[in-house]
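**Q** Just passing along the structure, written as structure tokens.
The values are calculated or read from the model by the stated rules, or taken from the named source; none is laboratory data. No experiment lies behind these values; they were computed from the predicted model shown. Positions of Cβ are generated from backbone atoms using ideal geometry, with glycine treated the same way; all protein chains shown enter the neighbour counts. Keep in mind that these areas ignore ligands, DNA and RNA; they rest on the heavy atoms of the full protein, side chains included. Shrake-Rupley method; radii C 1.70, N 1.55, O 1.52, S 1.80 Å.
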Amino acid sequence: FLSLSFSRARALLPQTHSLTFSLCQPCSLEYKCRFCCSVAVYFCFGTTHFCDPCHDDNGRCTSTPKEELPHCPAGPKLTQLEGDECPLHVAHPPTGEEFALGCGVCRNAQTF
């Protein structure tokens with residue numbers, strides 16, 4: 001995960017990433033939690049990104065069939081959120097799929 005080359009990390013970024021890459025470092029690449037609309041903080045099994053609450057409930061999360069996972073907007077621990085606004089404010093694949101959000105440094109710079 002952290003050993004991605006800089007060019008490979010750039011290739012994984014969403015097409016909507018509009019800022020320059022002057023601040024980016026490969027280790028700044030953020031992923032969406034596979035099971036909800038939160039930023040992942042764990043990478044386990046060599047395949048799966050988790051936020052903290054979903055990691056704590058990983059047995060239930062990983063054993064739930066894809067078709068039974070909540071859809072966006074999805075909260076931690078397989079919670080279906082009301083409404084239609086994603087907490088991440090980004091278009092992404094359905095819950096249950098891996099997705100790179102982009103550079104965390106650049107994403108956070110957009111909020112200032």
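**Q** Looking at (1) open to solvent by less than 50 Å² (accessible area, probe 1.4 Å); (2) touching a Phe, Trp or Tyr at 6+ places or on another chain (Cβ under 7 Å), find the lone condition where residue 29 falls short.
**A** That leaves (2) as the condition not met.
**Q** If you scan segment 37-84, which residues turn out to be among the charged types (D, E, K, R) and either under 21 Å from residue 103 (Cβ atoms) or modelled with pLDDT of 95 or more (or both)?
**A** Correct list: 52, 56, 57, 60, 66, 67, 68, 77, 82.
**Q** Which of the residues that make up segment 35-48 are out of contact with any helix residue (DSSP H, G or I) (no Cβ under 9 Å at 6 or more places or on another chain), open to solvent by 70 Å² or more (accessible area, probe 1.4 Å) and under 24 Å from residue 89 (Cβ atoms)?
**A** Within segment 35-48, just 43 meets the criteria.
**Q** If residue 29 passes every condition in (1) of a type in the set (A, V, I, L, M, F, W, C); (2) at pLDDT 95 or above; (3) under 16 Å from residue 100 (Cβ atoms) but one, which one does it miss?
**A** Failing condition for residue 29: (2).
**Q** What are the residue pairs meeting all of these: first residue in segment 36-65, first residue at positive phi, second residue loosely packed, with under 15 Cβ neighbours inside 10 Å and assigned to a loop (DSSP other than H, G, I, E, B), Cβ atoms under 9 Å, and 6 or more apart or on different chains?
**A** 46/1
**Q** Pairs needed: first member in segment 92-112, among the aromatic types (Phe, Trp, Tyr); second member anywhere, modelled with pLDDT of 80 or more; C-beta distance under 9 Å; at least 6 residues apart or different chains.
**A** 99/31; 99/32; 99/34; 99/49; 99/90; 99/92; 99/93
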